[in-house]
There are 2 protein chains.
Amino acid sequence: MAVIVQKYGGSSVADTDKIMNVARRVVQTVQEGHRVVVVVSAQGKTTDSLIEQARAISANPPKRELDMLLATGEQMSIALLAMAIDSLGQPVISLTGAQGGIMTDTQHTKARIREVDGGRICSELAQGQVVIVAGFQGVTNANDITTLGRGGSDTTAVAVAAALQAEVCEIYTDVEGVYSADPRLVSDAVKLDEVDYDEMLELASLGAMVLQPRAVEVASVYGVPIHVRSSFSAERGTMIKEVNVVEREVSVTGVAYDENCAKITLAGIPTDISALHNVFSSLAAEGVNVDMIVQAGTSTPTADLTFTVAREELDTALAVITRIQNDQSWKVVCDEDVAKVSIVGAGMMTNPGVAARMFEALSEEKIPVYVVSTSEIKVSCLVPRSRYQDAVRACHRKFELDLGN
Amino acid sequence: MAVIVQKYGGSSVADTDKIMNVARRVVQTVQEGHRVVVVVSAQGKTTDSLIEQARAISANPPKRELDMLLATGEQMSIALLAMAIDSLGQPVISLTGAQGGIMTDTQHTKARIREVDGGRICSELAQGQVVIVAGFQGVTNANDITTLGRGGSDTTAVAVAAALQAEVCEIYTDVEGVYSADPRLVSDAVKLDEVDYDEMLELASLGAMVLQPRAVEVASVYGVPIHVRSSFSAERGTMIKEVNVVEREVSVTGVAYDENCAKITLAGIPTDISALHNVFSSLAAEGVNVDMIVQAGTSTPTADLTFTVAREELDTALAVITRIQNDQSWKVVCDEDVAKVSIVGAGMMTNPGVAARMFEALSEEKIPVYVVSTSEIKVSCLVPRSRYQDAVRACHRKFELDLGN
């Protein structure tokens, strides 16, 4: 009998009514002839309120203890959901991350799943039970509770689906699926029927918040099909899976944007290798993630180096730069009023001129482009933040994404 | 180095200030040269609010899932207390019941501890850490989370102390120790310096809420000295331990009372064995605990059988009685306006006339006595609820308990 893994986020279990709604959905899936494993997050704002409690006691609580505290959030929601499913007459059992065999490394608050030991889940399924597994948490070999950090529950769901060789991993969310652009910005954005893993990874990384990049990565490695769909409707959503690129006619699948950017330019930095290495290894040592990196004028002894960081990391980044700058003669310029707009499509690499069409769309709207960065399946442009919505709409129109894929 | 186990109840960790207070107390004990294991309950009203959440979803939630939910209460408080102790610079680690090796049977919501596997606790202590263990919870051999029911945290503390052969198990509470009577009723009640295990067991069972009978039982079996003391003062409280009875001069240690009683009389019940058996086995089958049992007039073919139950179980008990009564000719009389007053003392059995003095005290106050029940170390009288406070004071005075032991 086929196993389906369903993942419900915190907003889907925020109150008693919503929990009952999820319970009915799970029972219906069982009645349709499936074995079901449910992965669930902490209710609504539980995690935030637990973090607040911790901060009231200590500005810098030990990460192991923070994990001990945060893990209670999902433990509550699995128990409550189990009670709801039981009240509908369906045999059910809830398992913490540790009981569910979610084995992780020891990096508290941002652990990575090393292995899913599916023994207990399988034996409970075999007894006809719906199995509810706590998302976002796991356990180390030394039996210490860990949490997986941002996007952890999606990753739990996909990893469990991979371990059980599930037919599909359904990710329930408050939107109908993955769209060609944010429907709040682009009124004729269309829901995509299917998206390739790599495209989804780019879309997710570039700001489409519907799914976490980590989860897409795991799904891609293990070939787990992900179905992103709404918890409030029975409509089919978007399938994320291996798509045969050769048959693809369109080149661009979607437009994404990310407002959470800040641009830093080091003007007049020496072009020798050690300068670049020095800058980025110092930033990495402080945990600053650098996104786009562009350097112009490498044939001269000095050049202008530009890169972007998340806005909340700008202060840290500037502190690092100031420290390593010493009395060197660079000039540091930063700009917070920027946003990144990207077009993504697995077909892009076989279609020349895609970047050119994007620039055309932006120039027709008189939107300046500060920084460009490309990969095999995306082109990203940094634009003034005040114009990013126009940029998204212009690209969506230019690539005729309203016609569907 | 000597190990001390300290147990703090829910009111001792109810908010951030109180948690910091407990943390300072723990660190001070370490600085006095002890290894410390801390057992802690859920904060304040957490458990009640979790039960409310469960009831909102299901009138009759599966007990395993209720345990899964309730166990989050202590998991939160151990994490928060660990953060507080860490913030004072003291190495510390928190352990859930499962991690702490609290192995129980499989009776969810009222599991009994089968064994404490102290391996992890010992190795953390050996590394110089304060170890915080979640009270009230444990784990079955199948790795399912259980809770211990009423008085569970006290029992955890004593069981851990027994496993570690701790020097003492300190139970912190909001009173200064065990008193000769409830100080709210008897203004000259005195704090007892030491109390024998058996006496404490009777006092605890008879309504002195300072300590749970289960915990006293375990302490008695393993010879763990318990120190009941206030979390708000440094004063010595009451030591509960094996007291050499031969040397005891006084016969009565304390007076206890229990308002939570209801009396049921079956008038004209047949005196043959099967009737008695039928009544009490039927009550037991419904989980009704029966306390005092008295039967008068066994030489006649019928007699009056009187017993007491907890008030919240009166309705269930009456339903059982009605069911087994059928058309038999007993008359059922019940009375909720009663209370039980008891005198307790290990020296009682070597001192004749103790019961007589109690009756004298009550008769001087013109307090009627409905039912009497005695054991080797206590005499209990059921009196009108409106008079129980007078009865407690009369006994306290009669046995001169204000002079101390």
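Read the figures in this text as sums done on the coordinates, not as results from a lab. From a predicted model like this one, the values you see are computed outputs, not experimental measurements. Reconstructed Cβ throughout: ideal geometry from the backbone, glycine too, with neighbour counts over all protein chains shown.
Greater than 20 Å separation of Cα atoms is the criterion. Which listed pairs, B:Lys241/B:Lys378; B:Lys45/B:Lys241; B:Lys63/B:Lys263, meet it?
Where the Cα-Cα span goes over 20 Å, the pairs concerned are B:Lys45/B:Lys241; B:Lys63/B:Lys263.
Sparse packing (at most 16 other Cβ atoms within 10 Å of the Cβ) combined with a DSSP loop state is found for the following trypsin sites (Lys or Arg not before Pro) in region A:342-391: A:Lys366. The aspartates and glutamates within cross-link reach of A:Lys7, meaning a Cα-to-Cα straight distance under 15 Å and a gap of 8 or more places when in the same chain, are A:Glu74, A:Asp154, A:Glu167, A:Glu170, A:Asp174, A:Glu176. The mean sequence separation of alpha-carbon pairs under 8 Å and at least six residues apart, normalised by the residue count of chain A, gives a relative contact order of 14 percent.
In chain B, the beta carbon lying closest to the axis that superposes B onto A belongs to the residue given here with its whole-angstrom distance, B:Thr72, 2. Listed cross-link partners B:Lys191/B:Lys398; A:Lys340/A:Lys398; B:Lys340/B:Lys398; A:Lys18/A:Lys110; B:Lys191/B:Lys340 are compared with a 26 Å cut-off, the Cα-Cα value being larger for A:Lys18/A:Lys110. Placing a label point 7 Å from the Cα of A:Ser363 along the Cα-to-Cβ direction, the distances to the matching points in the other copies come to 11.5 nm, shortest first.
Against chain A, whose longest principal axis is taken from its Cα atoms, helix A:152-163 shows a tilt of about 60°. Shape analysis of chain B based on the Cα gyration tensor places the equivalent ellipsoid semi-axes at 40, 28, 18 Å, largest first. Ranked by how many other Cβ atoms sit within 10 Å of their own Cβ, fewest first, the residues B:Glu400, A:Glu202 fall in the order B:Glu400, A:Glu202.
With neighbours defined as other Cβ atoms within 10 Å of a residue's Cβ, the residues A:Val210, B:Val224 order from fewest to most as A:Val210, B:Val224. Taking Cα atoms only, the orientation of helix B:46-57 departs from the longest principal axis of chain B by about 70 degrees. Dividing the summed -39500 (n - 2.57) terms of all DSSP H runs of n ≥ 4 by the residue count of chain B sets its mean residue ellipticity at 222 nm at -11000 deg cm²/dmol.
With label points set 7 Å from Cα along Cα→Cβ, the inter-copy distances at A:Gln107 are 4.6 nm, sorted shortest first.
Between B:Ile19, B:Ile78, B:Ile321, the Gaussian network model of chain B with springs among Cα atoms under 10 angstrom shows the greatest mean-square fluctuation at B:Ile321.
Shown for B:Gln325: label points 7 Å from Cα along the beta-carbon vector, and their distances to the equivalent points in the other copies, 9.2 nm in ascending order. Distance between the C-alpha centres of region B:340-393 and region B:71-108: 43 Å, rounded to the whole angstrom. Considering only DSSP beta bridges where both residues belong to region B:3-173, give the percentage that are antiparallel (nearest 5). DSSP beta bridges in region B:3-173 are roughly 25 percent antiparallel.
To check you understand DSSP bridge types, tell me what percent of the beta bridges within the protein assembly as shown (both residues inside) are antiparallel, rounded to 5. Before the final figure, lay out each step's value.
Numbers: 92 of 148 bridges.
Around 60 percent of the beta bridges assigned by DSSP in the protein assembly as shown are antiparallel ones.
For the options A:Ser123, A:Ser329, A:Ser180, a Gaussian network treatment of chain A with springs between C-alpha atoms closer than 10 Å singles out A:Ser329 as fluctuating the most.
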